[in-house]
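Structure record follows, encoded as structure tokens.
The values are calculated or read from the model by the stated rules, or taken from the named source; none is laboratory data. All figures in this text were calculated on a predicted structure; none of them were measured in a lab. Note that each Cβ is placed from the backbone with ideal geometry, even for glycine, and that neighbours are counted across all protein chains shown.
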Amino acid sequence: MSKSCRTGYALVVGLVVGVMLSVSVAVYADRGNGANSALPIEDLQRFTDVYMRIKRNFVTEVEDKDLLDNAIQGMLSGLDEHSAYLDEQDFEDMQVGTSGEFGGLGIEVGMEDGFVKVIAPIDDTPASRAGIEAGDLIVRLDGESVQGMSLSDAVATMRGEKGSDITLTVLREGKDTPMEITITRDVIQVQSVRSEVVEDGYGYIRISNFQQRTARDLVRTVEEMQEEGELKGLILDLRNNPGGILNGAVGVSDAFLEEGLIVYTEGRREDSQFRYRASPGDVLNGAPMVVLVNRGSASASEIVAGALQDNKRAVVMGQNTFGKGSVQTILPLTESTGIKLTTARYFTPKGRAINSDGIEPDIRLQQLVVQRSDDDNGGVRLGRDGLPEAVDGDDDDNGETLAERDYGMNEALNLLKGLNFYNRR
């Protein structure tokens, strides 16, 4: 073995010994929480061996920092599709994302079978305007296969300067061949809460994602509607809402509940187990509610739908939700880096696990689009369950009906009217 290799090997051995000592302290301190007390010496030696083989034999010289960053990324990505290493850029984006303004395409994604899966496009963003749908599988980015990429690498590739283009190759259920969709990047400014009065006494509120201010904005919006007249019912639209911060979902649920459990979490550590309960006060004063969901409703959206459904406060209408029922905690490593780690799973008040199964609606809606036929007799065809492009309460110049504009919204309104009629009887 050459002098340089021996020196390199000594450095790596020293590094691993340091890691082993750190792990030993952590393991010793964590024994009370069920961690394994035996240190995997043979596995650490195997790691050292692989590390040195890469250093000696890889076609180009690799920096130690890059190898260690890759090792950390691999450790986390191998746990589940949500855990990840956050480098400086990822960590900054995570901080900015919950405040409502960030750069990119406007798309919430995860990983499935090595491909990037669209959880949901965010309203009024380049992705939604380009026709990206919940459930799409992104297989190529500008012609480069995403297989072998980590989720953070794929997200980094989709980022870029405002005004620059990226072409996504997408597989979509029901389509025989891949589609190529070109999207122009932009700064994403998300308006979390939008509203309108769809008919005298009946309100509509859409939440596009859950941010720090979402619950406060929702309560203010309802109170402004009530100043215009009595609210006899409310449609809460959570379709294609990919989630957001947990406290936002708890706050929105609490706004409509007088009492009862909202959601609870279970994890290995005691500090990851929480039970969130409603405080007195229903901003709607008991008026009936319908919650609209679809397969793009995920995470925090599922918490709200499950809480209102289990507490018999609202009727959930639409399709089965996405099924992301795990809690990710951001654990800082330095001032500018950290890890996103799955630390708990959450459950509805009745103990239903949301992960994988999602929330099953009380009333299932087919994905229908209402269209007028040429002879003005009207008609219905199967198609995309589109969301309203604008919620200003006005019909378009062609006198479009609510059913034509948004079939699900129209069905929810009819149900609210039926509930009020039943209650009066």
Filter pass, V250 being closer than 17 Å to V283 by Cα and either surrounded by 14 or more Cβ atoms within 10 Å (Cβ to Cβ) or in contact (Cβ under 8 Å) with a residue 24 or more places away in the chain (or both): yes
Of all residues in the stretch 333-355 being more than 30 Å from R313 (Cβ to Cβ) and free of Cβ contacts under 8 Å to residues at least 40 places away in the same chain, the one that is surrounded by the most Cβ atoms within 10 Å (Cβ to Cβ): L333
- prompt: Which of the strands (runs of 3 or more DSSP E) contained wholly in the stretch 149-190 include at least 1 residues that are within 16 Å of P121 (Cβ to Cβ), of a type in the set (A, V, I, L, M, F, W, C) and at pLDDT below 85?
  reply: 186-189
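Every residue, every condition in (1) under 22 Å from the mean Cα position of the chain (by Cα); (2) not in a helix (DSSP H, G or I), yes or no:
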{"position": "E42", "(1), (2)": "no, no"}
{"position": "R46", "(1), (2)": "no, no"}
{"position": "D49", "(1), (2)": "no, no"}
{"position": "K55", "(1), (2)": "no, no"}
{"position": "V62", "(1), (2)": "no, yes"}
{"position": "D66", "(1), (2)": "no, no"}
{"position": "N70", "(1), (2)": "no, no"}
{"position": "L76", "(1), (2)": "yes, no"}
{"position": "H82", "(1), (2)": "yes, yes"}
query: So how many residues does the stretch 382-403 have that are in a helix (DSSP H, G or I) and modelled with pLDDT under 85?
result: 0
task: Test I245 against the stated conditions and say whether it is surrounded by 23 or more Cβ atoms within 10 Å (Cβ to Cβ), in the same structural domain as L415 (by TED's automatic domain parsing) and not aromatic (F, W, Y).
output: no
statement: P280 fails exactly one of (1) surrounded by 21 or more Cβ atoms within 10 Å (Cβ to Cβ); (2) more than 19 Å from M111 (Cα to Cα), namely (1)
- prompt: Only one of (1) surrounded by fewer than 17 Cβ atoms within 10 Å (Cβ to Cβ); (2) modelled with pLDDT under 85; (3) over 23 Å from G248 (Cα atoms) fails for G131. Which number is that?
  reply: (2)
task: Just give me the residues in the stretch 112-136 being over 28 Å from V193 (Cα atoms) and either assigned to a strand (DSSP E or B) or touching a residue at least 40 places away in the same chain (Cβ under 8 Å) (or both), in sequence order.
output: E112, F115
message: Could you tell me how many of the residues in the stretch 274-295 are within 21 Å of the chain's Cα centre (by Cα), part of a loop (DSSP other than H, G, I, E, B) and farther than 26 Å from V197 by Cβ?
response: 2
task: Say whether the condition of being surrounded by fewer than 21 Cβ atoms within 10 Å (Cβ to Cβ) and free of Cβ contacts under 8 Å to residues at least 12 places away in the same chain is met by at least one residue in the stretch 185-208.
output: no
- prompt: Looking at V193, is it within 30 Å of M158 (Cα to Cα) and in contact with a Lys or Arg (Cβ under 6 Å, 6 or more places away or on another chain)?
  reply: no
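Identify, from the list A255, A298, the residue that is under 18 Å from the mean Cα position of the chain (by Cα), surrounded by 15 or more Cβ atoms within 10 Å (Cβ to Cβ) and either of a type outside the set (G, A, S) or not in a strand (DSSP E or B) (or both).
Exactly one residue qualifies, and that residue is A298.
Give the stretch 207-234 a look and list any residue that's within 20 Å of G358 (Cβ to Cβ) and either in contact with a Gly (Cβ under 7 Å, 6 or more places away or on another chain) or not β-branched (V, I, T) (or both), or say none.
Within the stretch 207-234, S208, N209, F210 qualify.
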